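Note sheet for the following structure.
The values are calculated or read from the model by the stated rules, or taken from the named source; none is laboratory data. Everything numeric here is computed off the predicted structure, so don't read it as measured data. Side chains are part of the model used for accessible areas, which takes the heavy atoms of the whole protein and leaves out ligands, DNA and RNA. Shrake-Rupley method; radii C 1.70, N 1.55, O 1.52, S 1.80 Å.
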Amino acid sequence: MKKLFKNFIKLTISIILIFMTLIYFHVSLLYAQDLMFDTMITKIIGKVEYKKGEQFLEALVFMKIRNNDYLKIHENSEVSILFQSNGHQEIWKGPVSIQIGEYGSTVENGTNNKILPKIKKLPINTSDKVFSGSNFTAKAINSRAGVTIVRNASTQQKVEEKIKEGLKTYGNLKKELGEKDIIPELYLLELYSENGEYEKTKEQLKNIYAKFPDNNEFHKCTEEITTNE
């Protein structure tokens with residue numbers, strides 16, 4: 001009887017250990033997924049394609065790309081890519097094919113490996129705002145638009161100062177990166193959103209679509225916002 005009881009205890013302990021191990025690996029997997037960084041196409045001039053399976057499809061500004069994805073930049077074309085991991089922006093000029101990494105991209109084997117990108121470094125807090133701005137949803141913007149936030153004078157002054165500083169950064173980004181780059185616009189979108197300026201957030205999303213009218217993602221979000229007004 002004692003032997004049977006001991007075996008039962010051992011079996012119970014083994015099951016508990018297995019269960020805890022499974023939980024640990026599951027949590028580790030979720031944590032690893034949370035640590036995955038985004039990479040985003042922020043500007044395209046000319047013709048740029050991304051590889052999906054064995055096909056090359058048209059790449060778009062605002063498109064998120066992942067590790068080991070491939071981009072093909074055609075002759076007389078250019079693409080700018082922003083890496084969330086380090087705030088680096090790479091500007092590639094074709095003809096060249098590149099493979100995306102977590103912290104940068106490399107020329108694909110067999111193509112022109114003499115071509116190197118121009119690299120710009122954005123402050124991490126600026127890069128973070130850009131990627132936060134890229135994760136907007138029409139539903140969230142609609143739900144907040146029209147909401148009035150009551151602040152005391154001190155808090156309101158701080159918010160106004162943050163927006164004033166942010167608008168300076170926005171102006172500098174536009175001056176440095178140009179009108180065709182989406183980075184300044186996403187930065188401004190997040191600046192308004194994080195400071196509770198929801199009507200301005202909504203208006204900025206419409207401004208982005210006006211600048212990129214052929215982008216299906218913006219078109220969908222803008223339609224949803226207009227429909228719900």
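Relative contact order of the stretch 66-123, taken over Cα pairs closer than 8 Å and 6 or more residues apart, is 36 percent.
Taking all protein chains together and a 1.4 Å probe, the residues 214, 38, 69 rank 214, 69, 38 from largest to smallest accessible area.
Apolar share of the accessible surface for the stretch 53-93: 41 percent from carbon plus sulfur atoms, 1.4 Å probe. How many angstrom lie between the Cα centre of the stretch 43-115 and the Cα centre of the stretch 157-171? Centre-to-centre distance over Cα atoms comes out at 33 Å. For residue 174, the solvent-accessible surface computed with a 1.4 Å probe is close to 60 Å², ligands and nucleic acids excluded. Send over the Kirkwood Rh of the stretch 50-114, from the inverse of the averaged 1/r over different Cα pairs, rounded to one decimal Å. Kirkwood hydrodynamic radius for the stretch 50-114: 12.1 Å.
Straight-distance candidates among the aspartates and glutamates for linking to residue 51, with alpha-carbon spacing under 18 Å and chain neighbours fewer than 8 residues away dropped: 38, 69, 75, 78, 102, 108.
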